[in-house]
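Working notes, structure below.
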Amino acid sequence: MYIWSSAIGIYGDRPGTNACKESDQINGDTFLSKICIEWEKAQDNIPDTVRKVLVRTGIVLAEEGGALDQYRPLLNLRMAPYFGGGKPYSVMDNDR
């Protein structure tokens with residue numbers, strides 16, 4: 001078995017939509033989605049006789065725990081990345 005990981009960034013920026021599903025269309029318009037597409041193409045040379053498992057993950061941010069705690073020290077230095085408006089896609093869908 002061959003297991004590798006990619007990112008949900010392969011689906012591109014999708015504000016105002018539901019959470020990503022494996023069946024969603026891949027959007028190659030953003031830098032991250034292009035990187036993910038190339039990363040996943042690099043696995044094409046694995047023989048078909050080998051079971052392949054692809055896990056697409058994203059960063060989890062929360063008030064307590066998650067990746068946000070790791071970025072807190074950078075906030076005072078103004079070096080933390082910008083994560084967006086703070087509403088996950090699934091929440092945004094319920095706000096319509």
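The values are calculated or read from the model by the stated rules, or taken from the named source; none is laboratory data. In this text, all values refer to a predicted model and were calculated from it rather than measured experimentally. Because the Cβ atoms are built from the backbone with ideal geometry, glycine has one as well, and the counts that use them run over all protein chains shown. Protein only, heavy atoms only, side chains kept; ligands, DNA and RNA dropped before computing areas. Shrake-Rupley method; radii C 1.70, N 1.55, O 1.52, S 1.80 Å.
Quick notes
- Pair list, Cβ < 8 Å and 6+ apart or interchain, from segment 43-58 residues that are under 10 Å from residue 5 (Cα atoms) and touching a residue at least 12 places away in the same chain (Cβ under 8 Å) to residues that are assigned to a loop (DSSP other than H, G, I, E, B) and open to solvent by less than 70 Å² (accessible area, probe 1.4 Å): 56/20
- Scanning segment 31-44 for residues that are out of contact with any Ser or Thr (no Cβ under 7 Å at 6 or more places or on another chain) and either assigned to a strand (DSSP E or B) or open to solvent by 100 Å² or more (accessible area, probe 1.4 Å) (or both) gives 31, 34, 38, 41, 44.
- When segment 56-79 is filtered for residues that are part of a loop (DSSP other than H, G, I, E, B) and open to solvent by 90 Å² or more (accessible area, probe 1.4 Å), the ones remaining, listed by number, are 59, 60, 63, 64, 76, 77, 78, 79.
- Residue list for segment 45-55, restricted to those being exposed (fewer than 11 other Cβ atoms within 10 Å of the Cβ) and over 20 Å from residue 9 (Cα atoms): 45, 47, 48, 49, 50, 51
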